[in-house]
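Heads up, the thing below is written out as structure tokens.
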Amino acid sequence: MNTFKELLLNTKRVSVWGVGYLGYTTILRLQENGFCSVVYDFNEDRLDDLKNNLYPEKEQINSWSKRGKIPAINLEKISIVQDKNLLFKNKIHIVSFPNSDGFGYSALADLFIKNKNELENSLILFQSAGAPKTIENNFCNSLIKNNLDVEIATVFRSDWTIEDFFNKNVQRVVSGNNQKAIDKTDFFLQLLGLESIKLGKLEEAELYENVKNALSYTTVAFFNQLSLSYPHINMNELSKKLLHEMHFDNLTLGVSSVDYKSEQSIENILRGSTGDFLSILKEANSTNISFLFYYVNLLKNKHVTSVTILGLSSYNSMGDLRFSPSVMLAEYLNKENIKVYIHDENFSQEELQKILPYSEFIDLNTESISSDVVFVMSLSQKYRFFTQNEMDTIGLSKVRYVLDNTGFFKHFKYSDKTLYHQLCDENLVKVMN
């Protein structure tokens with residue numbers, strides 16, 4: 001890391017691959033912070049126009065800026081080259097074009113392999129997010145096959161105008177093929193006065209960037225449907241106020257947010273709507289309900305014969321079963337001929353067996369869990385005060401799968417034969433395999 005810092009600060013020269021919107025604005029940022037750029041683009045006409053102050057063209061300027069104004073690059077502080085091999089004299093390579101058929105990441109990988117003797121202490125940064133695994137499949141894997149150990153990272157950008165680009169509050173999504181890549185990238189961004197959102201994997205960063213844009217797009221579609229369903233409501237104003245009020249910091253995935261209040265709100269919106277436009281809302285409702293059914297089908301395919309459900313109540317320590325996901329889970333398990341055991345301290349054995357007559361009550365004060373799988377669905381006071389010793393005593397730490405909808409039990413120790421999975425975490429793939 002220290003060697004990388006010294007090499008970078010000794011020259012303050014960076015290679016920029018591509019001078020489209022991403023590359024051009026990156027050069028501006030580099031110059032603003034005292035870095036010189038060695039610039040290449042697979043479109044030679046673009047390089048010639050850049051040399052002659054004819055780039056970007058008027059149409060591009062209007063596309064890149066809300067105000068129709070783009071700062072000019074200081075041509076004295078860049079080296080425009082048509083020999084791609086000259087870019088390998090620098091230790092930072094910023095890839096500012098998407099993977100494409102014309103000159104894609106596979107072709108770029110071939111160039112890096114050809115110049116492998118120049119890559120010691122180098123850092124390769126990708127700015128454009130494609131489909132998840134694009135960078136690994138089209139670039140990283142080729143280097144690995146040729147025994148090239150190089151730090152590769154992302155500094156993804158989601159700005160669409162130069163005004164957004166120069167907003168200092170915008171962070172870069174940083175990930176890397178190893179921790180060194182992330183550390184080097186973070187140091188480089190500090191030199192540019194930028195902050196980062198750090199993620200662990202290249203694929204995760206690609207997914208993050210695409211999901212961010214897709215979520216925004218889907219939100220707009222939802223409000224568009226609402227405007228059709230409630231044509232007499234000013235949805236422009238209502239959406240701004242709603243989004244300002246909404247806070248998603250404590251959003252819990254799984255089915256923790258599925259309850260009778262949510263269901264009632266959906267029903268209210270549908271009943272009061274004009275026409276049949278709210279397909280996104282209907283799909284969301286259907287998806288949340290069927291989420292647990294997917295897990296049941298997974299377990300059935302793995303020949304699981306019994307499941308214990310901890311927590312039947314919709315609201316943790318309240319005896320409230322309105323729109324309870326646990327009840328629906330139990331009913332579906334029974335339908336699939338999987339034995340159901342139930343524990344919920346808010347209900348007596350008689351009450352539970354009236355609600356779910358096919359299930360078997362388990363008393364955790366006197367009995368151990370004997371099922372293959374445990375679903376932790378809600379948190380009663382008893383569960384909150386479990387210790388590791390109690391987890392071991394009742395057998396919760398020794399079952400085949402612990403599927404935790406609450407996330408409360410993730411820090412306990414489990415046997416080597418137990419897979420702990422908080423719903424929606426990365427261990428789902430292990431349940432699937």
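The values are calculated or read from the model by the stated rules, or taken from the named source; none is laboratory data. Everything numeric in this text was worked out from a predicted model, so none of it was measured. Heads up, the Cβs are rebuilt from the backbone with ideal geometry, glycines too, and the neighbour counts pull from every protein chain shown.
For the reader, a short list of remarks on this structure follows.
- With respect to the conditions (1) of a type in the set (Phe, Trp, Tyr); (2) out of contact with any Phe, Trp or Tyr (no Cβ under 7 Å at 6 or more places or on another chain); (3) more than 30 Å from Asn169 (Cβ to Cβ); (4) at pLDDT below 95, Phe156 lacks only one, and its number is (3).
- Qualifying residue in segment 144-167 (condition: under 30 Å from Ile113 (Cα atoms) and in contact with a Cys (Cβ under 7 Å, 6 or more places away or on another chain)): yes
- In summary, Glu118 fulfils each of the numbered conditions (1) buried (at least 22 other Cβ atoms within 10 Å of the Cβ); (2) modelled with pLDDT under 95 with the single exception of condition (1).
- Hey, Leu143 more than 24 Å from the chain's Cα centre (by Cα), modelled with pLDDT of 95 or more and not polar (S, T, N, Q) or not: yes
- Only one of the numbered conditions (1) in contact with an Asp or Glu (Cβ under 6 Å, 6 or more places away or on another chain); (2) at positive phi is not met by Gly407, and that is (1).
- Options Val255, Val304: the member that is in the same structural domain as Val402 (by TED's automatic domain parsing) and closer than 30 Å to Gly395 by Cα: Val304
- Per the listing Ile27, Ile70, Ile92, Ile113, the residue uniquely in contact with a helix residue (DSSP H, G or I) (Cβ under 7 Å, 6 or more places away or on another chain), under 22 Å from Arg157 (Cα atoms) and modelled with pLDDT of 95 or more is Ile92.
- Output for segment 179-205, where each listed residue is more than 20 Å from Phe35 (Cα to Cα) and touching a Phe, Trp or Tyr at 6+ places or on another chain (Cβ under 7 Å): Leu199, Ala205
- Every pair of residues 6+ apart whose Cβ atoms lie under 7 Å, when the first sits in segment 407-430 and is basic (Lys, Arg) while the second is loosely packed, with under 13 Cβ neighbours inside 10 Å: Lys413/Gln388
- Only one entry in Tyr208, Tyr217 is of a type in the set (Phe, Trp, Tyr), modelled with pLDDT of 85 or more and under 30 Å from Val431 (Cα atoms), namely Tyr208.
- Considering segment 350-377, the residues that are out of contact with any strand residue (DSSP E or B) (no Cβ under 8 Å at 6 or more places or on another chain) and of a type outside the set (Val, Ile, Thr) include one that is nearest to Thr418 (Cα to Cα), namely Ser368.
- For segment 109-135, the set of residues classified as under 17 Å from Thr185 (Cβ atoms) and among the small types (Gly, Ala, Ser) consists of Ser122, Ser128, Ala129, listed by residue number.
- Residue ID - nearest to Pro325 (Cα to Cα), chosen from residues in segment 347-384 that are modelled with pLDDT of 90 or more and aromatic (Phe, Trp, Tyr): Phe375
- Residue that is surrounded by the most Cβ atoms within 10 Å (Cβ to Cβ), among those in segment 331-350 that are within 22 Å of Gln381 (Cβ to Cβ) and in contact (Cβ under 8 Å) with a residue 12 or more places away in the chain: Asp344
- Set Asn99, Asn137, Asn117: member being more than 27 Å from the chain's Cα centre (by Cα) and over 16 Å from Val174 (Cβ atoms): Asn117
- Filtered residues of segment 1-14 (kept if in contact with a helix residue (DSSP H, G or I) (Cβ under 9 Å, 6 or more places away or on another chain) and part of a helix (DSSP H, G or I)): Phe4, Lys5, Leu8, Leu9, Thr11
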